[in-house]
Amino acid sequence: MPRTRKIAFAASEAVLAQQALADFTKAYGQVPQAEADIIVALGGDGFMLQTLHGTMDLDAPVYGMNCGTIGFLMNEYNAVGLLDRLEQAEVAVINPLAMRAETVDGKVHEALAINEVSLLRAGPQASKLQITVDDKVRMAELVCDGAMVSTPAGSTAYNYSAHGPILPIGADVLALTAMSAFRPRRWRGALLPKTAHVRFDVLEADKRPVMAEADSRSVRRVRAVEIRSEPSVEHRLLFDPGHGLEERLIREQFA
């Protein structure tokens, strides 16, 4: 990455992030994101996702500094040597998931998700889902609290908390993971090729309401949700050498 001063800084509302924003803009200046060579995001993983969604039509890659809590998608915060770190940074390319959700009233909502698309029960009763993969019904009825499809980049997030597998960043697979499966008992999910087209049909949608989320973008009372990888969209993240997503995914499995 060539040395540059055309940097756009963005920060979450966290106190540390706001202080870092003030310090960095004073030291390196500030340009509009549309004119930047690099965007530096100051915050946690949630803010990184927000930044990636907001800049996906720009050519500039995003370098994150952790001013939040977990910071899996972020680099370590350090106020010293920013230009050298940007020059030496390694690039990771992530394709998001595309969600198409149809609600019980017939409306269609579309969204992209960098981590996962999840379906969650929105009432006191467990949800009932039918799972179709590439136009073939693979599970006629899954009774559960919910289910999700995760990218490799998102596999250590909600997916991992639901006992789903951690996926290598370069793997051309997606994780389909169930949450609190009641029937089939203890069914946790499946690994699917990245090209798979997954459809969830909500059975008894009025009696057992379900909501869908794509990186915290919520759609309530869905009756069908289609999910697929979107190769035409590429998010480019920058990481310090030896601390990229591949290394983090491996390290997470030995924690």
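The values are calculated or read from the model by the stated rules, or taken from the named source; none is laboratory data. Source: prediction; values computed, not measured. Backbone-built Cβ (ideal geometry, glycine too); neighbour counts: all protein chains shown.
Pairs are defined by a Cβ separation below 8 Å, a sequence spacing of at least 6 or placement on different chains, a first member in the range 115-126 that is farther than 9 Å from A212 by Cα, and a second member that is aromatic (F, W, Y); the pairs so defined are N115/Y158; E116/Y158; A126/F182.
Among the residues of the range 191-202, those identified as outside any loop (DSSP other than H, G, I, E, B) and touching a residue at least 24 places away in the same chain (Cβ under 8 Å) are L191, L192, V198, R199, F200, D201, V202. Looking across the range 131-172, not a single residue is at pLDDT 95 or above, surrounded by 17 or more Cβ atoms within 10 Å (Cβ to Cβ) and out of contact with any strand residue (DSSP E or B) (no Cβ under 8 Å at 6 or more places or on another chain).
Under the condition of being among the hydroxyl-bearing types (S, T, Y), surrounded by fewer than 19 Cβ atoms within 10 Å (Cβ to Cβ) and without any contact (Cβ under 8 Å) to a residue 60 or more places away in the chain, the residues counted in the range 53-108 number 1.
The lone criterion from (1) farther than 30 Å from A171 by Cα; (2) touching a Leu at 6+ places or on another chain (Cβ under 6 Å) left unmet by Q19 is number (2). Going residue by residue through the range 174-190, is there one that turns out to be over 18 Å from the mean Cα position of the chain (by Cα) and of a type in the set (S, T, Y)? The answer is yes, given that some residue of the range 174-190 is over 18 Å from the mean Cα position of the chain (by Cα) and of a type in the set (S, T, Y).
For (1) under 30 Å from L58 (Cα atoms); (2) out of contact with any Pro (no Cβ under 7 Å at 6 or more places or on another chain); (3) not charged (D, E, K, R), each residue gets a yes or a no:
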residue	(1), (2), (3)
A162	no, yes, yes
L203	no, yes, yes
E226	yes, yes, no
L237	yes, no, yes
